[in-house]
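Inspection log for the structure reproduced underneath, given as structure tokens.
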């Protein structure tokens with residue numbers, strides 16, 4: 001009897017949880033990153049969801065290689081979106097205070 | 001002799017003149033100063049020769065084309081038969097659409113397209129590639145009962161039996177129709193149907209090549 | 001009054017422009033320059049754009065002396081172009097649109113070039129020759145669309161020039177085409193090359209392989225010929241550049257003239273990256289003079305891909321009432337000029 005090859009039908013999955021400063025920012029990232037579909041040739045399914053201020057991304061792929069490619073591309077977009085929010089979005093009040101605090105203490109030294 | 005300028009076409013100036021007492025059209029491919037003199041001379045000679053040859057081949061094959069009366073390579077002038085009452089197919093189509101109701105126009109134009117398609121099929125069956133098939137290069141010349149369809153401007157023509165050349169010829173025509181007569185998208189299918197009846201035994205191969213040329217156009221990347 | 005910010009990143013330039021009611025307020029751009037002999041690849045180009053885009057958005061707002069709240073609409077290039085760099089512009093545009101609560105519009109890159117050219121030159125209804133690294137089209141407006149009368153049946157003119165520049169290892173700084181133009185000025189000998197015009201269409205791939213063999217005889221496919229000619233290439237690089245330009249530009253001018261005759265028009269507008277080549281402009285000018293026509297051309301600020309053209313075309317669309325839900329704000333590699341309904345033109 002041949003040894004069973006479980007590898008053939010193995011499903012490759014990955015879930016990434018990305019926390020944001022505010023639920024608003026998480027929602028913006030969710031909407032921005034939901035637009036693009038995975039290329040059909042990649043055989044990767046990507047689904048995005050929101051849990052308050054956390055963006056949850058779930059990937060399912062037929063091959064590990066495709067899974068990694070999809071995650072890499074996703075991170076490139078995610079980082080760009082985050083940087084844009086950081087630079088042009090209104091920062092939450094608490095963080096502004098924190099920054100101000102660091103700033104003043106830095107000044108005093 | 002002063003000549004009456006009829007029009008400045010894409011390739012040269014057109015005059016009404018005379019050759020050996022016969023009223024004729026003179027097409028002067030004047031020197032295009034924008035291009036290198038060597039290139040200009042080469043192109044002008046090539047195109048004049050092509051025009052004379054193709055006209056002869058068409059007439060021999062029973063396809064209407066202007067008779068070439070005289071060709072003067074030194075002055076870049078071609079003396080040819082003039083169809084004074086003719087209009088271009090482009091104007092004919094536009095006029096028909098403007099003056100008739102939709103169904104009637106469609107019917108009239110289908111007749112025209114069938115005739116155009118048959119002639120192009122016949123040209124290709126004789127391995128004559130027109131090279132510049134547009135509705136500006138097809139004349140509608142009224143006769144006693146109806147009209148004749150006459151192809152003109154054979155400057156880009158050549159003699160070739162390759163299916164690629166025939167496919168490109170059809171592709172150029174299809175694109176010209178889509179851009180010039182975008183509101184009458186049915187024109188080309190009627191031309192093609194009639195074409196297939198006349199284009200000879202290589203029908204399938206030419207059509208396959210035409211599809212391939214079309215696909216190349218669609219697949220071309222457009223970066224930058 | 002419409003104030004629009006435009007983001008363009010379909011190829012190796014990333015640019016941001018701001019326009020207010022037809023007045024240019026900002027037009028900033030960075031180019032991804034690769035080493036001689038190398039073209040730009042999608043992934044690396046996208047990386048370049050990601051690293052440059054946010055600073056450019058900041059710079060454009062500063063140059064325009066505007067706050068985000070002064071803007072009416074955010075525009076980005078939807079296509080055609082390379083997907084990864086296009087996506088960089090789209091991601092930032094979507095994010096800004098949500099952050100600043102401004103409507104978002106995706107613009108066809110080719111339409112951007114055409115509308116920018118019309119704005120800068122004041123040409124009302126010209127035949128448009130659109131020549132760039134990815135496109136070669138002769139376009140005329142009719143019945144609410146920019147219709148393509150002629151185009152390349154294989155590679156784009158800019159692609160032909162870029163690839164030749166790579167073969168002879170010219171610098172890509174500021175652009176391969178610019179360096180060919182400069183070197184061509186020293187060319188003296190005209191070398192005969194294939195000249196391929198089919199109706200209002202052109203073909204460049206045969207010319208490219210022919211001149212490639214002239215530049216590098218070792219590439220010759222015909223082995224027998226190669227043995228006879230193992231020595232140095234017979235022509236200087238300057239002669240090759242000169243002859244290449246003379247031949248392919250003559251083809252472009254010819255198909256433009258064919259379109260002018262076919263459409264009964266006497267105005268030409270040249271747009272796209274290759275359009276700032278002064279020799280091409282000069283040749284087109286001579287052709288137009290011979291038929292009492294007029295040529296309109298623009299300089300590299302507006303001719304080469306830029307964000308301003310996207311802002312301007314987007315502003316025109318916005319004024320005409322265009323709307324785009326966020327779900328539709330994707331990018332597409334293929335997006336033909338004649339797919340766009342030009343409902344902002346009154347004629």
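Worth pointing out:
- Single residue of C:170, C:119 found to be surrounded by fewer than 24 Cβ atoms within 10 Å (Cβ to Cβ), in contact with a helix residue (DSSP H, G or I) (Cβ under 7 Å, 6 or more places away or on another chain) and not assigned by TED's automatic domain parsing to the domain that holds residue C:297: C:119
- Residue that is at pLDDT 95 or above and within 9 Å of chain B (Cβ to nearest Cβ), where the choices are C:267, C:289, C:327, C:316: C:289
- Residue-level analysis places residue B:82 outside the set of residues that are in contact with a strand residue (DSSP E or B) (Cβ under 9 Å, 6 or more places away or on another chain), surrounded by 16 or more Cβ atoms within 10 Å (Cβ to Cβ) and more than 30 Å from residue B:118 (Cα to Cα).
- Only a single item in (1) over 30 Å from residue A:36 (Cα atoms); (2) within 14 Å of chain B (Cβ to nearest Cβ); (3) surrounded by 15 or more Cβ atoms within 10 Å (Cβ to Cβ); (4) within 22 Å of the chain's Cα centre (by Cα) is not met by residue C:296, and it is number (2).
- Restricting the stretch B:1-42 to residues that are exposed (fewer than 15 other Cβ atoms within 10 Å of the Cβ) and within 12 Å of chain C (Cβ to nearest Cβ), the residue that is nearest to residue B:65 (Cα to Cα): B:7
- Single residue of the stretch C:277-286 satisfying the filter (surrounded by 18 or more Cβ atoms within 10 Å (Cβ to Cβ) and in contact (Cβ under 8 Å) with a residue 40 or more places away in the chain) that is nearest to the other protein chains (Cβ to nearest Cβ): C:284
- Of all residues in the stretch C:100-116, those being touching a helix residue (DSSP H, G or I) at 6+ places or on another chain (Cβ under 7 Å), assigned to a helix (DSSP H, G or I) and away from chain B (no Cβ under 13 Å) number 3.
- Within the stretch B:146-173, the set of residues being more than 22 Å from residue B:9 (Cβ to Cβ), within 15 Å of the chain's Cα centre (by Cα) and surrounded by fewer than 17 Cβ atoms within 10 Å (Cβ to Cβ) comprises just one member, B:159.
- Of all positions in the stretch C:85-99, none carries a residue that is surrounded by 24 or more Cβ atoms within 10 Å (Cβ to Cβ) and outside any helix (DSSP H, G or I).
- Members of the stretch B:120-135 found to be more than 14 Å from chain C (Cβ to nearest Cβ), touching a residue at least 60 places away in the same chain (Cβ under 8 Å) and either surrounded by fewer than 22 Cβ atoms within 10 Å (Cβ to Cβ) or assigned to a loop (DSSP other than H, G, I, E, B) (or both), listed by number: B:122, B:125, B:126
- Given (1) in contact (Cβ under 8 Å) with a residue 24 or more places away in the chain; (2) touching a strand residue (DSSP E or B) at 6+ places or on another chain (Cβ under 8 Å); (3) part of a loop (DSSP other than H, G, I, E, B), index of the condition residue B:139 fails: (3)
- From C:165, C:156, residue being buried (at least 24 other Cβ atoms within 10 Å of the Cβ) and either within 9 Å of chain B (Cβ to nearest Cβ) or farther than 20 Å from residue C:249 by Cβ (or both): C:156
- Any hit, the stretch C:51-62, residues being in the same structural domain as residue C:25 (by TED's automatic domain parsing), crowded, with 20+ Cβ neighbours inside 10 Å, without any contact (Cβ under 8 Å) to a residue 24 or more places away in the chain and touching a helix residue (DSSP H, G or I) at 6+ places or on another chain (Cβ under 9 Å): no
- Summed over the stretch C:124-146, the residues that are in a loop (DSSP other than H, G, I, E, B) and more than 16 Å from the chain's Cα centre (by Cα) give a count of 5.
- Selection from the stretch C:292-311 of residues that are over 16 Å from residue C:13 (Cβ atoms) and at pLDDT 95 or above: C:293, C:294, C:295, C:296, C:297
- Restricting the stretch C:173-205 to residues that are surrounded by fewer than 18 Cβ atoms within 10 Å (Cβ to Cβ) and away from chain B (no Cβ under 12 Å) leaves a set whose member that is nearest to the chain's Cα centre (by Cα) is C:174.
- Per the conditions (1) buried (at least 24 other Cβ atoms within 10 Å of the Cβ); (2) assigned to a helix (DSSP H, G or I); (3) facing another protein chain (nearest Cβ under 10 Å); (4) within 24 Å of the chain's Cα centre (by Cα), the sole criterion not satisfied by residue C:81 is (2).
- Verdict on residue B:52 being more than 19 Å from residue B:66 (Cα to Cα), touching a residue at least 12 places away in the same chain (Cβ under 8 Å) and more than 9 Å from chain C (Cβ to nearest Cβ): no
- Out of B:192, B:177, B:156, B:173, sole residue that is out of contact with any strand residue (DSSP E or B) (no Cβ under 7 Å at 6 or more places or on another chain), within 12 Å of chain C (Cβ to nearest Cβ), closer than 19 Å to residue B:63 by Cα and in contact (Cβ under 8 Å) with a residue 24 or more places away in the chain: B:173
- Remark: residue A:59 matches the filter, which requires a residue to be modelled with pLDDT of 95 or more and within 23 Å of residue C:43 (Cα to Cα).
- Restricting B:155, B:200 to those that are at pLDDT below 95 and not assigned by TED's automatic domain parsing to the domain that holds residue B:64 reduces the list to B:200.
The values are calculated or read from the model by the stated rules, or taken from the named source; none is laboratory data. Bear in mind the structure is a predicted one, so any value in this text is a computation, not a measurement. Every residue, glycine among them, receives a Cβ derived from its backbone with ideal geometry; neighbour counts consider all protein chains shown.
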